[in-house]
Amino acid sequence: MNALIREKGGTFSLNKNEPIHRWYSYIEGYSSCLIAEELKMLLSLQPDIKTIYDPFCGTGTTSLVAATHGIKSFYSESNPFMQSVIETKINCVRNLDQDTVIPKLIEYLALINTIRVENHSSWNGFEKFFGEKQLNELLTIKGLIFKEDNESVKNILALALSSIVVKVSKMIRRGDLRYATEKEYREENVLECFADKVNEIIFDIQHHKSIIKCGTVKVSDDARDNDYVNAFDCVITSPPYLNGTNYIRNTKLELKLNDFITSESDLPRFHSKGIIAGINNVSKRTVIDTILPVVEPYLEQLQPVSYDDRIPKMVAGYFRDMDTVIQKLSKSVKPGGLFTMDIGDSQFAGVHIPTHQILSNICVQYGFSLYDEEILRKRRSKNGMILTQRLLRYRLEK
């Protein structure tokens with residue numbers, strides 16, 4: 001693996017110019033070149049790979065790379081908006097009638113230049129995240145898309161609008177979604193941003209639709225509900241990092257725009273659908289019924305120093321949930337199957353949590369043997385502790 005892929009491939013940055021991958025930028029994702037290189041390596045070990053599963057599919061990078069290699073993919077993803085991104089970029093594009101869809105998208109580009117922008121004074125509390133002009137333009141376009149009868153066109157336009165919703169808001173993603181500072185904020189023209197994204201999508205469909213050689217299949221919302229047996233030749237995934245990031249809250253604008261939520265009070269109902277990885281996935285009332293023995297020493301260190309009582313619960317809950325995911329993987333992966341996991345370690349209140357080591361201990365219990373490990377890059381936490389992002393490679397021996 002060359003130095004650029006090793007250093008940058010573990011982030012989404014190299015996807016920004018990649019056809020179809022670039023339709024929706026996902027800060028927590030990895031780049032297609034990293035997965036392509038990993039798949040090349042796996043195929044050298046096991047040339048007859050026909051199925052790939054990603055239990056934490058995110059924006060669909062693993063599934064899209066698999067599709068370009070003619071390999072059928074399967075996925076789980078707890079965020080309903082991300083599911084729509086995956087389905088649109090792969091299954092929608094693969095099955096669309098280009099002669100019908102492209103002219104329709106071009107019609108929308110012309111319509112944007114003449115559209116009458118409607119006034120929207122409120123949006124169930126979400127109006128606070130937008131300037132008045134931006135909110136009016138955003139919701140006017142949304143109303144236009146909602147009336148579209150062609151499902152392929154509708155899905156593509158919804159993704160195009162979703163991809164700019166943070167950019168045209170008062171918010172910014174810097175790890176977590178937050179309000180932009182005065183220096184960071186730039187007032188955007190929603191109609192122009194939307195037209196630019198639609199033009200990008202049209203170009204990619206016209207020139208790159210053929211790279212999608214097969215589709216993808218949703219296994220479940222929650223990776224813990226994967227009940228497939230001996231179905232997958234390999235797994236390539238990046239589980240949520242144990243770092244306090246709230247993956248649902250970070251996409252609240254997209255969830256609202258696509259009607260998956262009505263107000264911010266709806267967000268907590270999605271927290272239980274994925275594994276515990278963020279501080280907002282737990283509360284003081286949360287009870288972690290199973291604490292893995294391998295995790296107990298770290299909880300003992302955390303208890304007296306944690307600045308938030310939820311942190312030990314989050315750590316215990318994360319590994320409890322990942323234990324269930326890995327147990328399910330051991331049943332759904334074929335004997336001799338390969339499993340690559342992109343993961344990083346964490347620290348809380350100065351207590352190092354070697355996530356990669358703990359997960360490897362869990363994997364061994366379910367028959368996964370670690371045959372290789374590669375550090376992609378080093379990271380530095382807020383307190384200066386050196387952390388790493390690495391690829392762990394396993395073979396299922398059962």
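The values are calculated or read from the model by the stated rules, or taken from the named source; none is laboratory data. Everything numeric in this text was worked out from a predicted model, so none of it was measured. Glycine also receives a Cβ, built like all others from the backbone with ideal geometry; neighbour counts cover every protein chain displayed. Ligands, DNA and RNA are excluded from the accessible area calculation, which covers all protein heavy atoms including side chains. Shrake-Rupley method; radii C 1.70, N 1.55, O 1.52, S 1.80 Å.
Counting charges near P335 (Lys, Arg +1; Asp, Glu -1) among other residues having Cβ under 10 Å from its Cβ returns a value of +2. All distinct Cα pairs of the chain go into the 1/r average, and the inverse of that average, the Kirkwood radius, is 22.1 Å. Grab the Cα-Cα distance for N113 and K16, subtract it from 0.36 nm times how many residues apart they are, and report the gain in nm with one decimal. This chain segment gains 32.3 nm when fully extended. Would you kindly give the portion of the calculated P(r) for the range 18-174 that falls above 21 Å, as a percent of all Cα pairs? Here the tail beyond 21 Å accounts for 55 percent of pairs. Result for the chain in a Gaussian network model with C-alpha springs under 10 Å: among E18, E151, E182, the largest mean-square fluctuation is at E182. Normalised by residue number, the volume inside the convex hull of the Cα atoms of the range 115-272 is 171 Å³ per residue.
Heavy-atom accessible surface of R174, to the nearest 10 Å², is about 140 Å², with a 1.4 Å probe and all protein chains retained.
Counting only heavy atoms of the protein chains and using a 1.4 Å probe, S263 has close to 30 Å² of accessible surface. The share of accessible area on the chain that comes from carbon and sulfur is 48 percent, using a 1.4 angstrom probe.
The range 125-203 and the range 365-392 have their alpha-carbon centroids 35 Å apart.
Calculated translational diffusion coefficient of the range 244-305 (25 °C, 0.890 mPa s; Stokes-Einstein with Kirkwood radius over alpha-carbon pairs) equals 180 µm²/s.
Once you divide the Cα radius of gyration of the range 332-398 by 2.2 N^0.38 Å, the number left is 1.25.
Counting only DSSP beta bridges with both residues in the chain, the antiparallel share comes to about 60 percent. A DSSP coil position with no more than 15 other Cβ atoms inside 10 Å describes the following GluC sites (Glu not before Pro) in the range 325-397: E397. Using a Gaussian network model on the chain with a 10 Å cutoff between Cα atoms, which of T88, T251, T181 fluctuates the most? Maximum fluctuation in the GNM of the chain, among the listed residues, is at T181. Under the convention that each Lys and Arg Cβ holds +1 and each Asp and Glu Cβ holds -1, the size of the dipole of the chain around its Cα centre is about 500 debye. Over the C-alpha trace of the range 186-247, radius of gyration and Dmax come out as 18.7, 52 angstrom. Would you mind telling me which residue in I236, I49, I386 has the biggest mean-square fluctuation in a Gaussian network model of the chain, where springs connect alpha carbons within a distance under 10 angstrom? Of the options given, I386 has the highest mean-square fluctuation. In the context of the full set of protein chains, the range 83-169 has a per residue accessible area of 45 Å² (1.4 Å probe). Specify whether the C-alpha gyration tensor of the range 232-375 places it in the rounded, prolate or oblate class, a ≥ b ≥ c being the square roots of the eigenvalues: rounded for a/c under 1.5, otherwise prolate if a/b is larger than b/c and oblate if not. Cα axes put the range 232-375 in the oblate bin.
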